[in-house]
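A short write-up of the structure that comes next.
The values are calculated or read from the model by the stated rules, or taken from the named source; none is laboratory data. Please read all numbers here as calculations on a predicted model, not as lab measurements. Neighbour counts are summed over all protein chains in view; Cβ atoms, including those assigned to glycine, are modelled from backbone coordinates with ideal geometry.
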Amino acid sequence: MYSRKILGFLILFNFYYIYCKKDYKLISLNEELTKMNGLTIALKCYQPEFGFWSSKGMNNGRIENKEDRYIVRKGFIGEKTISLESSVNKGYFWRVKNGNLNLETDDGSNLFKEESSFIPVSGLEDYLLLSLRSFKYPKKYVRHRNSRIIISENSFTLFYNPFSQDATWRVYAIIDN
């Protein structure tokens with residue numbers, strides 16, 4: 001289906017094996033992703049009917065059928081955070097702005113550093129997957145809604161609460177040969 005190799009994660013008790021030809025490494029996403037500076041990833045929605053993170057036209061983040069690649073970088077704020085850089089548009093990072101996620105360049109401000117740093121945690125819907133909590137807005141998580149990538153707090157309703165599913169992501173490590 002893909003012209004390049006996408007390596008899946010084999011799940012075992014909140015740990016992941018990343019298999020790279022002869023080598024594999026055991027990592028815990030909520031702790032070890034912060035140490036994987038330079039890893040190229042694609043992020044897919046938890047729900048199988050939805051697609052991947054995309055930056056179509058470098059506007060607001062969207063959910064599309066074709067994934068974009070992002071490079072995990074050490075977070076601008078703190079050792080427990082990550083920042084996600086576009087692999088196509090080098091120097092552009094996901095940043096929270098007006099409740100949306102946008103790709104923007106580092107303007108050198110503390111506000112940029114705070115809004116483009118995320119804390120990786122165990123998935124809210126499936127603890128074996130990934131959720132991203134905003135550093136600047138600690139009660140808010142990165143989620144998708146209406147094909148857009150946004151941040152929001154849990155909006156629990158008695159009958160139906162898609163928040164935990166919308167804020168949980170499947171991570172694919174991408175290795176090109």
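One residue stands out in the range 78-120 among those that are among the aliphatic types (A, V, I, L, M) and crowded, with 18+ Cβ neighbours inside 10 Å: the one that is farthest from residue 55 (Cα to Cα), namely 119. Residue pairs whose Cβ atoms lie under 6 Å apart, separated by 6 or more positions or on different chains, with the first residue in the range 137-153 and at positive phi and touching a residue at least 60 places away in the same chain (Cβ under 8 Å) and the second surrounded by 14 or more Cβ atoms within 10 Å (Cβ to Cβ) and in a loop (DSSP other than H, G, I, E, B), do not occur. Of all residues in the range 121-139, those satisfying the criterion of being touching a Lys or Arg at 6+ places or on another chain (Cβ under 8 Å) and of a type outside the set (A, V, I, L, M) are 133, 134.
One residue stands out among those in the range 131-170 that are among the β-branched types (Val, Ile, Thr) and either assigned to a loop (DSSP other than H, G, I, E, B) or at pLDDT below 85 (or both): the one that is surrounded by the fewest Cβ atoms within 10 Å (Cβ to Cβ), which is 157.
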